[in-house]
Amino acid sequence: MASTSTQQSNKPILAPSPFSVPSDLPKLPEVAGTDPTRCVLDSFRIAIAKVVADALEPLTVEQVYQGVDYGKKGEDFTVALPRFKLPGKIDELAKKVIAKFQPDEWIESVTHDRAFLHFRCRTNTLTRLVLDQIHALTYDTASKQPEYGANYLGEGKRVIIEYSSPNIAKSFHVGHLRSTIIGAFLANLYKACGWEVLSLNYLGDWGTQFGLIAVGFEKYGSQEALEKDAIQHLFEIYVKVNAEAEKDPSIRDEAAAWFKRMEDGDEEALKNWRVWRQLSVRKYAEEYDRLNVHFDAYTGESEVPQESMDKALKQLQELNLIEEDNGALRVNLEKYKLGKAVVRKRDGTSIYLTRDIGGAVERYNKYKFDKMIYVISAQQDMHVAQFFKVLELMGFDWAKNLEHVNYGLVQGMSTRKGTVVFLDQIIREAASVMHEQMRKNEDKYNAIEDPEYVAQEIGITGIKIQDMAAKRINNYTFNWDRMLSFEGDTGPYLQYAHVRLSSIERKNPELLPLPAPSQLKTDLLVEPQAREIAFLLGTYPDVVKTALKTHEPSGIVTFGFRLSHAISSAWETVIVKGEQDKEKAKARMALYLAARDVLGAALRLLSIRPLERM
């Protein structure tokens, strides 16, 4: 909660990758923008590009590499020949590639299908390298190694991510849930890709509602209730005094006068507000901890100095960007199809936009960020577009590095009885339902150290996965039954897959410790189900890379489901317990443990705590 101006703790230690491509494999050319030490599949794509470029001059390996795409079901990689616009018939070009192709340790076969060439990776090389790389790069708390899937695309850069931003004195409402979990995902994602990340919670901690609460607190306030749960108590006061103000308008006048005293810096008027803010932040920090979300700084509207807002207005006037309308000041953005943005109301008070402008300037001066992301709902698209445009017109170079990550609404989110919704109630109810489910299997239940904690984590996983499973811009309807189901694509299903994989070591202690992946007999992993798992694990760094471009958690969720389905399909055929051939059992166990580590990395990226038992 302290200021973060000198903070270095979130800067990843960008050690060289501890994995390197084995020297016994055919040497490959280097291709800019690839990193086989962090993404094994880059090597296979380069090998494919070399095959095509060698057969179809004057194509270069770099040109072909751009056209090596993942194949449809049953194919590893596909190259669409028409994209290269070469002279001659496609069939003739394909024949040239096939005639020149020699299977090696990278690529075992190529087939021609209309305009496409399909390539299949050498299974043993694929499995061996994937396991070796995951083993080298998987997160280890002792050595602080990066997680597998980290790309270090932003090495040394700093990003500020502003998200959640609830209003002080109002309980954490489900309306803030999406901003919170999407923002936490982005913070984790950027850290995994080598950025220094500053997570900011910009609280709604200023405004006339605090004048109203101050008036109400004098009537209904209780110090004891405040200490016990500040947010709940202040919210109750706000509801009461608001209802009273509906009948008696003088209460609003009294509230406005009180807030004016706060704005003027009257210490007596600010004293209680400071206590409320501090207690509310403490309560929020507990809520966030439960959600596995952590902020580097709690800032707020109150911290934007009046001087910054006045300076911004003055600058806009000097640039002739301001027009007056009955005392209100506006920036005309109609030629950008952004309407007219009010920067000061008729009564002379500032509004959100002015505060946001002042706040952004303050932040840049303080943090010198390379990028700043605002996680704000799509309902605010116009406001954010106006805000960014005004900063750009003011001539700030860094305005081009501002990004708005928007999202749709959650509909129908309430407790099962349909009552209004604070997140706390939803989590309690989800945990309670999960607890009941867990009790049905007495043996497993008794083996769990802290069943209430586990039930809560499964419930939170269900809430988060339902939220992040579809594209973030989509609205979605909250569905209790789907969220809490262990069947189909749900949060509990992902946790179950991770728990299942975690049980392998407990159930097969005689196979431990496993040899290093390079010493395993990976050539014994011949089942199609085992190969599918290995290939999927190899794709994970690409999934992370795509998520960084799109800011979509749904891609990570989809990967988690695909991996969990592949594990489920393999469970009955690629067995460990009961396998007579110990070398085969060890190789299979290593594959499942790699899958556990990667699924765990994906869940942690989504701010979910992976469970070992449930």
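The values are calculated or read from the model by the stated rules, or taken from the named source; none is laboratory data. Computed from a predicted structure; not experimentally measured. Cβ coordinates were reconstructed from backbone atoms using ideal geometry, including for glycine residues, and neighbour counts include every protein chain displayed.
For every residue, the table says whether it meets (1) of a type in the set (D, E, K, R); (2) out of contact with any Lys or Arg (no Cβ under 8 Å at 6 or more places or on another chain); (3) free of Cβ contacts under 8 Å to residues at least 12 places away in the same chain.
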{"residue": "ALA169", "(1), (2), (3)": "no, yes, no"}
{"residue": "THR180", "(1), (2), (3)": "no, yes, no"}
{"residue": "ALA187", "(1), (2), (3)": "no, yes, no"}
{"residue": "LYS191", "(1), (2), (3)": "yes, yes, no"}
{"residue": "GLU196", "(1), (2), (3)": "yes, no, no"}
{"residue": "GLY207", "(1), (2), (3)": "no, yes, no"}
{"residue": "GLU218", "(1), (2), (3)": "yes, yes, yes"}
{"residue": "GLN223", "(1), (2), (3)": "no, yes, yes"}
| request: Working carefully through the options THR546, THR477, THR490, find the one that is surrounded by fewer than 19 Cβ atoms within 10 Å (Cβ to Cβ) and modelled with pLDDT under 95. | output: THR477
| request: Look through region 321-360, keep the residues that are of a type in the set (Gly, Ala, Ser) and within 36 Å of the chain's Cα centre (by Cα), and return whichever of them is surrounded by the most Cβ atoms within 10 Å (Cβ to Cβ). | output: ALA360
| List, please: which pairs have Cβ atoms under 9 Å, are six or more places apart or on different chains, and start with a residue in region 56-74 that is touching a residue at least 60 places away in the same chain (Cβ under 8 Å) and end with one that is part of a loop (DSSP other than H, G, I, E, B) and not aliphatic (A, V, I, L, M)? | TYR70/ASP76
| First in region 387-399 and under 12 Å from LEU333 (Cβ atoms), second anywhere and of a type in the set (S, T, N, Q), Cβ under 6 Å, 6 or more apart | none
| request: Pull up region 39-87, narrow it to residues that are over 12 Å from LEU117 (Cα atoms) and among the hydroxyl-bearing types (Ser, Thr, Tyr), then point me to the one that is surrounded by the most Cβ atoms within 10 Å (Cβ to Cβ). | output: SER43
| Neighbours by Cβ (under 6 Å, 6+ apart or cross-chain): first from region 278-298, free of Cβ contacts under 8 Å to residues at least 60 places away in the same chain and within 16 Å of HIS176 (Cβ to Cβ); second part of a helix (DSSP H, G or I) and not acidic (Asp, Glu) | LYS283/ALA230; LYS283/ILE231
| request: Scan region 577-595 and give yes if some residue there is within 21 Å of ARG472 (Cα to Cα), in contact (Cβ under 8 Å) with a residue 60 or more places away in the chain and crowded, with 16+ Cβ neighbours inside 10 Å, otherwise no. | output: no
| task | Name every residue in region 365-386 that is part of a helix (DSSP H, G or I) and in contact with a strand residue (DSSP E or B) (Cβ under 8 Å, 6 or more places away or on another chain), in order of residue number. | result | TYR367, ASP381, VAL384, ALA385, GLN386
| remark: Selection from region 35-94 of residues at pLDDT 95 or above, touching a Pro at 6+ places or on another chain (Cβ under 8 Å) and among the charged types (D, E, K, R) yields ASP42, LYS50
| request: All but one of (1) within 29 Å of TYR540 (Cβ to Cβ); (2) assigned to a loop (DSSP other than H, G, I, E, B) hold for ALA47, so report the exception by its number. | output: (2)
| task | Being within 25 Å of THR477 (Cβ to Cβ) and in a loop (DSSP other than H, G, I, E, B) is the filter; apply it to region 157-176 and report the residue that is nearest to the chain's Cα centre (by Cα). | result | TYR163
| said: Condition first: part of a helix (DSSP H, G or I) and in contact with a strand residue (DSSP E or B) (Cβ under 7 Å, 6 or more places away or on another chain). Can you find one or more residues in region 277-284 that meet it? | reply: yes
| message | Can you list residue pairs whose Cβ atoms sit under 8 Å apart, with the first residue in region 361-385 being surrounded by fewer than 16 Cβ atoms within 10 Å (Cβ to Cβ) and the second being assigned to a strand (DSSP E or B)? Count only pairs 6 or more apart in sequence or on different chains. | response | LYS368/ARG158; ASP370/ARG158; ASP370/VAL159; ASP381/HIS404
| task | Give the residue, chosen from THR111, THR127, that is crowded, with 23+ Cβ neighbours inside 10 Å and modelled with pLDDT of 95 or more. | result | THR127
